[in-house]
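The values are calculated or read from the model by the stated rules, or taken from the named source; none is laboratory data. These numbers were taken from a predicted model, which means no experiment stands behind them. In this analysis, Cβ positions are derived from the backbone assuming ideal geometry, glycine residues included, and neighbour counts consider all displayed protein chains.
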Amino acid sequence: MTPDHTEAPLTPETPDLEGTLEFLHSLLMTVQEGIVACDARGEIQFFNGVTRKMHGLSPWSIPARSCSDHYQLCSVETLQPLAEHDTPLARTLRGETVEGDEMLIQPVHGETRHVSCYGRQIKNESGKVLGAVVTLLDLTGEKHLEEDLQQSQHLGQWEQHLRVASERSLKQSRVLQNITQRLFDLTSTEDLARVILEESQPLLPIKTVSIFLKQVEAGQLLVTSQDGLQPEVVQALSGMPLNAQVPHTEVARSGQAQFHPRIRQLQDLYPELSWLEETLEGASLAFLPIKLSSETTGTLVLQLEEKAHFRTNEQLFMETLADQVALAIERLRLHHREKLHLQEQEETIARLKAILDHAPLGIALRGLDLDLQLANQSYSQYEAELQATDAQLQQVLETGEPLLGVQVHPADGSSQNLLLNHFPVKTQDGRLLGVGSTVQDISEQRQVVHLSDTAHSKTVYANGHLHDTLGYSPEEVQRMSPEQLKQLLHAEESQEAEEHQQTLAGLADGVILERDFRMRHKDGSWRWMHSRHKVFSRDDHQKPLLVLTGTLDVTDRKAAELALQSSAQELRELNEAQKRFVADAAHELKNPLTSIQGNMDLMIRYRGIPEPDRLEMISDVQKEAIRLGRLVNDMLQLARGDSGELFREEEVQLDEVLLE
């Protein structure tokens, strides 16, 4: 109550109540703790400035008993609003002791405050309760510091966890990298188990390694490679039928891994393996499928020291080992197939070389620039006489057509007579590789010489070599009618013979017409003949009347040419198959290998990779490794096809194939 200033001034004996109240009010408003007081009815009588700020109120307002439009008092534990009778002020007014109880003040506009409450009843000298007062201590800053500290500790623990996981991942990566490198250098499946056992020791206490592969034809699962296993165990487990109810055959059938931390657990599931307890006492066993693409080809069995359980990262590492084994096995098989392929090619080349070296016919091969790439000894002895044939070789290159029956006479005037044949050398798809040539000395061959009457299609003269060549005497040939002579020609060349006769009818003087054709010997066999035709005389109208023909038996030369072409074609096909094989392998293997190498480099370079990202990277590596295995298997099939191996055929449901 404000004193009336009209009254008499206060004397020193009169208490200055107004000043005292003002002093106390200012004091309470100045303290750093929040203070709130109410009367005996619970009506709030005092809110100092700190309290108003905590509640988001103006500096002058005193709130009503319930002021939910401006703020809420909430439980620290449940974060739910406190009932009015559960507020610290109401409890203090009822006589409860409030000592350090905490609550949250949530203003509609402002920051949530975390406060500690201390409350006392207000009593007069006679003990009458006049009200209650509660002091509020703001703990918001301290709570933030505690949360920051806890978060920092949590982050430190998580960082430590990541560091340990990263180091473990890096160690696994190094081990897998070493295993991959050593498996890549292997030349035999027998050493697979030894490499895995030696390189895995830094990560897992592996005692023995066994690799079982399917023998589909025999219906068995056989030990291909093992290290550390006792001979009696190898003998007992190897050769198991694929349908046997034991773990390594079940894994080979189902493609699902099995992990048995204790040998007794394995014996409970498979009583027929009870004898293993004495041999493998205190051991844990892992059975992992060896898969290539979607096909399970065998089982990798790892014996470890007895474990309480197999952790996820250990299982993943062992499954990756099985994938590496699958890739190594297919790589060895592929190398074996390639070795056989190269051996077959070398044998073919050796056969071809033997034919070339011992053939009485001169044989040579030239490239696209007509450089001599191959020539046998029979061809080399005529090299000086054949230097002027480049124009003919160029003609074969430009036209792609053979040039046959070219006769060459040495410039020195000798009686030697050479017969040349040039033919294009092409791949199976028609790509030109060069020119092949054959040369034959026909100087001593007996040449059939005869005159033909073109008007009546009759032979008017034939020398004695006709009998040696075709078995007919000259008289027999002269008595033959045109139809009989026509029957001596091969049916496939009848059209060519008609065109030849038309060409002869218009042949100019001095021009020599040559061709190769087949005629029937008197004994019924077919003989290849090479003929040269020239006009001998003409009628009054300057049309050819008599044609002089010289004919040589070139059957042996034709047979040699066919053998050469067949061998050259076989060699070309083998070369093309090898080129396709190598190109396909390099192209298809590049992408998964690049992805695997990239992920491995990242895991080695960055040690702080989070665990989810690391697992995802390892999963990517595993997927790419499976993909790589699938590609290797596909290219193995290609190699089998190129080598001429027959595939097993079976009926399939086309709709299921299309859906897959």
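A few points about this structure:
- Qualifying residue in the range 521-531 (condition: farther than 29 Å from Val439 by Cα and surrounded by fewer than 16 Cβ atoms within 10 Å (Cβ to Cβ)): no
- Only one entry in Glu314, Glu295, Glu338, Glu306 is charged (D, E, K, R) and within 18 Å of Leu615 (Cα to Cα), namely Glu314.
- Boolean, Gly629 is of a type in the set (Gly, Ala, Ser), part of a helix (DSSP H, G or I), touching an Asp or Glu at 6+ places or on another chain (Cβ under 9 Å) and modelled with pLDDT under 80: yes
- Condition check for Leu170 on (1) in contact with a helix residue (DSSP H, G or I) (Cβ under 6 Å, 6 or more places away or on another chain); (2) not acidic (Asp, Glu); (3) not assigned by TED's automatic domain parsing to the domain that holds Phe259: one failure, at (1).
- Residue selected from the range 517-537 under the condition assigned to a strand (DSSP E or B) and among the small types (Gly, Ala, Ser), by the criterion modelled with the lowest pLDDT: Ser537
- Enumeration of residues in the range 622-637 that are under 10 Å from the mean Cα position of the chain (by Cα) and of a type in the set (A, V, I, L, M): Ala625, Ile626, Leu628, Leu631, Val632
- Given (1) out of contact with any helix residue (DSSP H, G or I) (no Cβ under 8 Å at 6 or more places or on another chain); (2) under 29 Å from Asp191 (Cβ atoms), index of the condition His341 fails: (1)
- Considering only residues in the range 605-626 that are among the small types (Gly, Ala, Ser) and part of a helix (DSSP H, G or I), the one that is nearest to Arg331 (Cα to Cα) turns out to be Ala625.
- Single residue of the range 560-586 satisfying the filter (touching a strand residue (DSSP E or B) at 6+ places or on another chain (Cβ under 8 Å) and of a type in the set (Gly, Ala, Ser)) that is nearest to Val439 (Cα to Cα): Ala560
- A search for C-beta distances below 7 Å between a residue of the range 367-392 that is over 24 Å from Ala354 (Cα atoms) and charged (D, E, K, R) and any residue that is modelled with pLDDT of 85 or more and surrounded by 12 or more Cβ atoms within 10 Å (Cβ to Cβ), counting only pairs 6+ apart in sequence or on different chains, returns Asp390/Leu370.
- Matching option when the condition is within 46 Å of the chain's Cα centre (by Cα) and within 23 Å of Val554 (Cα to Cα), among Ala354, Ala350: Ala354
- Count - residues of the range 382-412 that are modelled with pLDDT of 80 or more, hydrophobic (A, V, I, L, M, F, W, C) and under 23 Å from Thr551 (Cα atoms): 1
- Pair list, Cβ < 7 Å and 6+ apart or interchain, from the range 120-132 residues that are closer than 12 Å to Leu93 by Cα and assigned by TED's automatic domain parsing to the domain that holds Gly42 to residues that are polar (S, T, N, Q) and surrounded by fewer than 12 Cβ atoms within 10 Å (Cβ to Cβ): Leu130/Asn124
- Set Asp86, Asp101: member being acidic (Asp, Glu), surrounded by 15 or more Cβ atoms within 10 Å (Cβ to Cβ) and free of Cβ contacts under 8 Å to residues at least 24 places away in the same chain: Asp101
- Answer residue from the range 61-89, given it is charged (D, E, K, R) and in a loop (DSSP other than H, G, I, E, B) and is modelled with the lowest pLDDT among those: Arg65
- Count of the range 237-265 residues which are assigned to a helix (DSSP H, G or I), exposed (fewer than 15 other Cβ atoms within 10 Å of the Cβ) and touching a residue at least 12 places away in the same chain (Cβ under 8 Å): 2
- The single residue among Leu589, Leu602, Leu564, Leu571 that is over 26 Å from Lys353 (Cβ atoms), more than 16 Å from the chain's Cα centre (by Cα) and part of a helix (DSSP H, G or I) turns out to be Leu602.
- Within the range 359-381, considering residues that are surrounded by fewer than 16 Cβ atoms within 10 Å (Cβ to Cβ) and small (Gly, Ala, Ser), the one modelled with the highest pLDDT: Gly367
- Hits in the range 633-660 - residues which are of a type in the set (A, V, I, L, M) and either modelled with pLDDT of 75 or more or out of contact with any Asp or Glu (no Cβ under 8 Å at 6 or more places or on another chain) (or both): Leu646, Val652, Leu654, Val657, Leu658, Leu659
- Complete set of residues in the range 37-60 that are assigned to a loop (DSSP other than H, G, I, E, B), at negative phi and touching a Gly at 6+ places or on another chain (Cβ under 8 Å): Ala40, Asn48, Pro59
- The set of residues from the range 469-506 being touching a residue at least 40 places away in the same chain (Cβ under 8 Å) and either under 22 Å from Leu552 (Cβ atoms) or assigned to a loop (DSSP other than H, G, I, E, B) (or both) comprises Thr469, Leu470, Gly471, Tyr472, Gln501, Leu504.
- Taking the numbered list (1) under 24 Å from Met519 (Cβ atoms); (2) among the small types (Gly, Ala, Ser); (3) surrounded by fewer than 19 Cβ atoms within 10 Å (Cβ to Cβ) in turn, Ala583 passes all entries but (1).
- All positions within the range 424-468 that are at pLDDT below 70 and assigned to a loop (DSSP other than H, G, I, E, B): Ile442, Ser443, Glu444, Gln445, Arg446, Gln447, Asn463, Gly464
- Qualifying residue in the range 557-565 (condition: free of Cβ contacts under 8 Å to residues at least 40 places away in the same chain and either surrounded by 16 or more Cβ atoms within 10 Å (Cβ to Cβ) or under 30 Å from Ser378 (Cβ atoms) (or both)): yes
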